[in-house]
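Nothing in this text is a laboratory measurement; each read-out follows from the coordinates by a stated rule. What you are looking at is a predicted structure, and each value in this text was computed from that prediction instead of being measured. A quick note on method: Cβ atoms are made from the backbone with ideal geometry, for glycine too, and the neighbour counts reach across all protein chains shown.
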Amino acid sequence: MLRLAKLLLAAIFCLAARPAWQPQPTTLPSTERQQILQLLLDLPDLQGYYHAKLAQRLPVKLQVDAFATPGLRLRKFNHAVVLLTDQQLKQRRIRDYVRLGLLRQRQDTLDFRLGYAIEGVVAAGQLVRQPNGWRVGRYSVVEQ
């Protein structure tokens, strides 16, 4: 019984020592959110899925959420990225848009997940904060 109590106490201390996750890093300044979103849109392994040579795929569209808010200045393939609400996407029957999924910040890292449903593609990975801004860490792009 004493051994079980020690194990339980050790587990509690380990969990308490872990940095807390923030569900969405929406408190970041808009300049940082803009940089992060631009990095995500520019992931090298994602570029071919945009099919930028097809006129109907431009400009790139991004679904608005608590992190990707109107007013952010993003560019892709020499066009301004269009930020649209869920309602606007449905009304216009737009299917070729990027949608943010998971965004979790822990200290100087940001775990991310985003999807481009029309291509059945999901990108997931990590960004790392450096003194001069964010950079792409490890990530993968998979077709589902």
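At a glance:
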| quantity | calculated |
| --- | --- |
| Gained length - T31 relative to Q47, 0.36 nm times residue gap less alpha-carbon distance | 3.5 nm |
| Whole-number percent relative contact order across segment 26-143, with pairs defined as alpha carbons under 8 Å at least 6 apart | 20 |
| Sites L102 and R75 - FRET efficiency at Förster radius 35 Å, r taken between beta-carbons, to 0.05 | 0.90 |
| If the convex hull is drawn through the Cα atoms of segment 105-144, its volume per residue in Å³ | 60 |
| FRET efficiency estimate (nearest 0.05) - Cβ-Cβ, R129 to Q56, R0 41 angstrom | 0.65 |
| Segment 28-73: trypsin sites (Lys or Arg not before Pro) in DSSP coil with no more than 12 other Cβ atoms inside 10 Å | K53, R73 |
| Simple Cβ-charge dipole of segment 26-143, Lys/Arg +1 and Asp/Glu -1, about Cα centre, in debye nearest 20 | 260 |
